[in-house]
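Worksheet: one structure, shown below.
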Amino acid sequence: MTIIVTGGAGFIGSNFIYYQLREHPQDRIICLDSLTYAGNLSTLEPIMKERNFRFEKIDITDRKAVHQIFEEEEPQVVVNFAAESHVDRSIEDPEVFLRTNVLGTAVLMDACRKFGIKRYHQVSTDEVYGDLPLDRPDLFFTEETPIHTSSPYSASKASADLLVQAYHRTYDLPVTISRCSNNYGPYHFPEKLIPLMIANALQDKPLPVYGTGENVRDWLYVEDHCKAIDLIIREGTVGEIYNVGGHNEMANIDIVKLICKELGKPESLITYVTDRKGHDMRYAIDPTKIHNELGWLPQTKFEDGIKKTVQWYLEHRTWWETIISGEYQNYYEKMYGNR
Ligand code: NAD
Ligand code: TYD
């Protein structure tokens, strides 16, 4: 089958493409990515010439270009990873989040309606559920938890989810949605917590922890997310939402201390900085549905996954050093200069 993967030059999309080509070599993957600051073609370099892979630099809001690809490739499945994905950037400038995350989703689904499709899969996030309090460890996000967003990022992702459900109800588009917790692993852009702390620690730079560092995220190794999406597009029920997470809650400060330990760096690098506006306190996924219906369980334990990730950043210095030597410098100064 032919699968269009949007946002495949980013973190999770690229891991998904590698996963697909390995697990389903008979399938053809068409990657559409506009190569924003977060897209990196060097990530896909090793497969650029594979006969069952095609890359096209296309913006998912570009209706004409998207339609042309559908006409040429006649895909059976679309998996939409393309998004503006960083909460801090959404707080600075929400507009592009609306354009890519909401309008882009509509453009892709319109193409699916016009050309026909077996499945449109929307890669969403647990952030659409808002946050949970720290003093109620018994509470988890289920698929029935009401949408209650905090940041422009999560609001744009929730808007897209609503649109996906509307296209299912109104046009009978065969959709599925996955809502995953925080991912970590190879090719993670160094603006996000884990790769930023690894890159800074390796340069003996301060490690900027927002607020008190008590905020909790539920971390999942990226390959486990890829496996979940793969199962959903092949065996999931049309019209359904699946939460994806591995019951691995950790406070930010504990993650940063662990990274110091793994790299043999002193905790004195840790610097507490002004908190993020509207900062979500705790995310925690209940993955019972995907486990019961599709048999999904995470394979990588956090203690192994974080070791593999740290090792990957040690072995791929050129990948992240190239990123942080460019426009990233201005971003870092703007976000952290006076924090
Ligand atoms: P990322 O920022 O690393 O990558 C996004 C990719 O999308 C980049 O390659 C970028 O060039 C591309 N892109 C952006 N705008 C585009 C446009 N208009 N047209 C075409 N391509 C465009 O993001 P990520 O962390 O890999 O996240 C992928 C998806 O997974 C997103 O939809 C995100 O909301 C979701 N998600 C992420 C996490 C996480 O922890 N990172 C968790 C749950 C869900
Ligand atoms: P992030 O990786 O941006 O993911 P998200 O906000 O989507 O969960 O941030 C993870 C957590 O780490 C979040 O609570 C904010 C915090 N954080 C810091 O303390 N310092 C930083 O420099 C960054 C980027 C994040």
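Annotations
- Picking from residues in the range 1-52 that are assigned to a helix (DSSP H, G or I) and aliphatic (A, V, I, L, M), the one that is nearest to ligand 1 (Cβ to nearest atom) is ILE12.
- Cβ pairs under 6 Å, 6+ apart, first in the range 76-96 and under 26 Å from CYS112 (Cβ atoms) and open to solvent by less than 50 Å² (accessible area, probe 1.4 Å), second more than 13 Å from ligand 1 (Cβ to nearest atom) and in a strand (DSSP E or B): VAL77/ILE3; VAL77/ARG119; VAL78/TYR120
- Only helices (runs of 4 or more DSSP H) whose full extent lies in the range 226-339 are considered here, and the ones with at least 2 residues that are hydrophobic (A, V, I, L, M, F, W, C) are 252-263, 288-294, 302-315, 317-324.
- Unmet requirement for TYR187, which otherwise passes all of (1) at positive phi; (2) touching a residue at least 12 places away in the same chain (Cβ under 8 Å); (3) more than 12 Å from ligand 1 (Cβ to nearest atom); (4) open to solvent by 10 Å² or more (accessible area, probe 1.4 Å): (3)
- Restricting attention to the range 220-274 and to residues that are of a type in the set (Phe, Trp, Tyr) and within 16 Å of ligand 1 (Cβ to nearest atom), the residue that is nearest to SER178 (Cα to Cα) turns out to be TYR242.
- Test for GLU262: is it acidic (Asp, Glu), open to solvent by 70 Å² or more (accessible area, probe 1.4 Å) and over 20 Å from the mean Cα position of the chain (by Cα): no
- Of all residues in the range 138-158 being surrounded by fewer than 19 Cβ atoms within 10 Å (Cβ to Cβ) and touching a residue at least 12 places away in the same chain (Cβ under 8 Å), the one that is farthest from HIS291 (Cα to Cα): HIS148
- Hits in the range 190-213 (condition: within 14 Å of ligand 1 (Cβ to nearest atom) and either open to solvent by 20 Å² or more (accessible area, probe 1.4 Å) or free of Cβ contacts under 8 Å to residues at least 24 places away in the same chain (or both)): LYS192, LEU193, LEU196
- Of all the listed residues (GLU73, GLU23, GLU50, GLU45), the sole one being open to solvent by less than 60 Å² (accessible area, probe 1.4 Å) and away from ligand 2 (no atom under 16 Å from the Cβ) is GLU73.
- For first residues located in the range 276-292 and touching a residue at least 40 places away in the same chain (Cβ under 8 Å) and farther than 17 Å from VAL128 by Cα, partners that are open to solvent by less than 60 Å² (accessible area, probe 1.4 Å) and among the small types (Gly, Ala, Ser) and lie 6+ apart or on another chain with Cβ distances below 7 Å form the pairs ILE290/ALA228.
- Given (1) touching a Phe, Trp or Tyr at 6+ places or on another chain (Cβ under 7 Å); (2) within 16 Å of ligand 1 (Cβ to nearest atom), index of the condition LEU173 fails: (2)
The values are calculated or read from the model by the stated rules, or taken from the named source; none is laboratory data. Predicted model, so just to flag it, every value in this text is computed and none were measured. Neighbour counts run over all protein chains shown; Cβ positions are idealised from the backbone, glycine included. To get the accessible areas, we keep the full protein, side chains included, count just its heavy atoms, and leave off ligands, DNA and RNA. Shrake-Rupley method; radii C 1.70, N 1.55, O 1.52, S 1.80 Å.
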